[in-house]
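This report concerns only the one structure given below.
The values are calculated or read from the model by the stated rules, or taken from the named source; none is laboratory data. Please read these numbers as outputs of a predicted model, since none were measured by experiment. Because the Cβ atoms are built from the backbone with ideal geometry, glycine has one as well, and the counts that use them run over all protein chains shown. Surface areas here come from the heavy atoms of the whole protein model, side chains and all, with no ligands, DNA or RNA. Shrake-Rupley method; radii C 1.70, N 1.55, O 1.52, S 1.80 Å.
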Amino acid sequence: MHSGAPVKSDLTQDLIRLDLILNLKPVPSEHYFEVRDPGNFAEVVGLVATATAKDVDVAVAGAYQASLSWRDVPVRERNERLLAAADALETIAGQLATTLVREQGMLLVETRRDVANGFQTLRETAAISEAFLQAETIEDGESLISVEKAPIGVIAAIIPWNAPMGLAMAKVGPALACGNTIVLKPSPFAPIALTQALQTVAGFFPPGVVNIINGDGECGPALTRHRLVRKVSFTGSIDTGRAVMAAAAESIKNIGLELGGNDPAIILDDANPADVVPELVKRIFPRSGQVCYAVKRIYVPRALHDKFYDTLCEAIDQFQVGYGLDPRSTLAPVNNQNQYRFIQGLIERTRNSGGKVRELGKKVNPDTWQNGYYLLPAVISNVAPTAEVVVCEQFGPIIPLVPYRTEAEAIQMANSTEHGLASSIWTSDFDRGFQLAKRVEAGVTFVNSHARTSLGDRHLPFGGVKQSGIGRVRTTIGLAEYIEYHAISLNKKNIKNDIKNVKGTN
């Protein structure tokens, strides 16, 4: 179901054009927006149809009509369709990953991981949903209570640009497995590969079950305010999350918000910098730091500060910053102009306020940097715990290092912001780290890592506290975000009396 065949252009020989897809049918639009390569401004990757509020209404109405029958499809069949869709995504994973680099700017190894996360998420959902959706029944001699798990209805899902495949499928899988239908809006900063992936998925379901809308400022509010949408699942910034929450409040919609993070990493005094830094650096700059749960501030004991700083800078200086499809690159450009300018301004303001900024790494191809959003990674020291670069979500290749005196002070500083997504503690004492983790205000706290372990997403519910979000994804806890509990209470005694009375009158 692709309407993404390449067409000729005077700017590129591989221009992708995506029409609207309404009820599985391609529909041309009056307006298309350009998607340019963040690592090469001269290249237009594709043209994407801009949906209007009217188009949104058509998509939601189709999703609503489909929901009336889709909810009654047996969960086993829903899961079979999810598994088939996952297999289809895997067969085109290479194409999707390459396209995603060109529109999003990340390294190819990172986009491959994102695509794989997408189809693996569909499979994980299918593996757990049938057992989860069973009704819970409690019974005694006089009564019976059955707690049913019913679909919510039409789900609106808004997807960010930094990890679109995994994040989209983490909404698609649970929504469809639980009997809902879904309308998804990709980010205009990375809409092409995700739209192609979603079109592939949609082809395994009845018309109206999976719907894709691309657009600008008109499209999002029309979707989140639509009277037939019963839940909005949003992943993105805190500011946009507030707007989504306000729009959903107009009709008291269910919401799920995975918002910004400013993840602290607390280094304890028994940690060895030579052991910790190589693992930590991998978690500071994934996708050039553009990950909601990347490490974004480091707290280190004063006595360990200088050694840790030197070891950290030495490791970060090994990065090769260049184009995402260049095999020499180990760090890619940031995604868009706003983020690029924000990081540049943040560095300038930090310097002006007395902070020490040390830019590191090497430029893979320096003469092309003016044609992309390239930034060298920077380590920040000599800043106060309340400095902007410490308390904000930088979302780029920049990391502040803050010294502390006591564990209590480290925990206080880690908990001092309104963010509470993920966090980590690094120590050679497992028990010490585990107990300290309980004091961190976050949805997830890792000990001696800042990423998935061997147990993976199957057992780790993910989400934030405070202004980092509402709700969880993954595991059966995440599935519960896509159902309504419907309690049915049956009084056996009264039924027997009624039957007896009826029989007596015959």
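Assorted remarks:
- The criterion of at least 3 residues that are farther than 25 Å from Asp239 by Cβ and modelled with pLDDT of 95 or more is met by the following helices (runs of 4 or more DSSP H) wholly inside segment 366-462: 407-414, 430-437.
- Test: residue in segment 242-263 that is in contact with a His (Cβ under 6 Å, 6 or more places away or on another chain), modelled with pLDDT of 95 or more, in a loop (DSSP other than H, G, I, E, B) and closer than 25 Å to Tyr293 by Cα: yes
- Residue count for segment 292-328, restricted to those that are open to solvent by 10 Å² or more (accessible area, probe 1.4 Å) and outside any strand (DSSP E or B): 21
- Any hit, segment 255-274, residues being open to solvent by less than 10 Å² (accessible area, probe 1.4 Å) and out of contact with any strand residue (DSSP E or B) (no Cβ under 9 Å at 6 or more places or on another chain): no
- Where strands (runs of 3 or more DSSP E) fall wholly inside segment 129-206, the ranges with 2 or more residues that are buried (at least 24 other Cβ atoms within 10 Å of the Cβ) are 154-158, 181-185.
- Residue count for segment 436-447, restricted to those that are touching a residue at least 24 places away in the same chain (Cβ under 8 Å), open to solvent by 20 Å² or more (accessible area, probe 1.4 Å) and over 12 Å from Pro264 (Cα atoms): 2
- Residue within segment 390-411 that is β-branched (Val, Ile, Thr), open to solvent by 30 Å² or more (accessible area, probe 1.4 Å) and within 16 Å of Gln290 (Cβ to Cβ) present: no
- Exactly one residue out of Glu90, Glu80 is within 14 Å of Gly173 (Cα to Cα) and open to solvent by 70 Å² or more (accessible area, probe 1.4 Å): that is Glu80.
- Here segment 345-365 is the region considered, the condition is being open to solvent by 30 Å² or more (accessible area, probe 1.4 Å) and in contact with a Phe, Trp or Tyr (Cβ under 8 Å, 6 or more places away or on another chain), and the residue that is modelled with the lowest pLDDT is Asn365.
- Within segment 23-35, tally of residues that are in a strand (DSSP E or B), open to solvent by 20 Å² or more (accessible area, probe 1.4 Å) and of a type outside the set (Asp, Glu): 5
- Residue check, Thr98 surrounded by fewer than 22 Cβ atoms within 10 Å (Cβ to Cβ), over 23 Å from Ala177 (Cβ atoms) and of a type outside the set (A, V, I, L, M): yes
- Flag if Val334 is farther than 30 Å from Glu43 by Cα and either open to solvent by less than 20 Å² (accessible area, probe 1.4 Å) or not acidic (Asp, Glu) (or both): no
- When segment 36-59 is filtered for residues that are hydrophobic (A, V, I, L, M, F, W, C), under 18 Å from Lys25 (Cα atoms) and either free of Cβ contacts under 8 Å to residues at least 12 places away in the same chain or surrounded by 23 or more Cβ atoms within 10 Å (Cβ to Cβ) (or both), the ones remaining, listed by number, are Val48, Ala49, Ala51, Val56, Ala59.
- Of the residues making up segment 296-318, those that are touching a residue at least 60 places away in the same chain (Cβ under 8 Å) and farther than 28 Å from Pro188 by Cβ are Arg297, Ile298, Tyr299, Val300, Pro301, Arg302, His305, Phe308, Tyr309, Leu312, Cys313, Ile316.
- Residue count for segment 469-493, restricted to those that are touching a residue at least 40 places away in the same chain (Cβ under 8 Å) and either open to solvent by 70 Å² or more (accessible area, probe 1.4 Å) or over 27 Å from Phe119 (Cβ atoms) (or both): 11.
- Subset of segment 207-247 (residues that are of a type in the set (S, T, N, Q) and crowded, with 24+ Cβ neighbours inside 10 Å): Asn211, Asn214, Thr224, Ser233, Thr235
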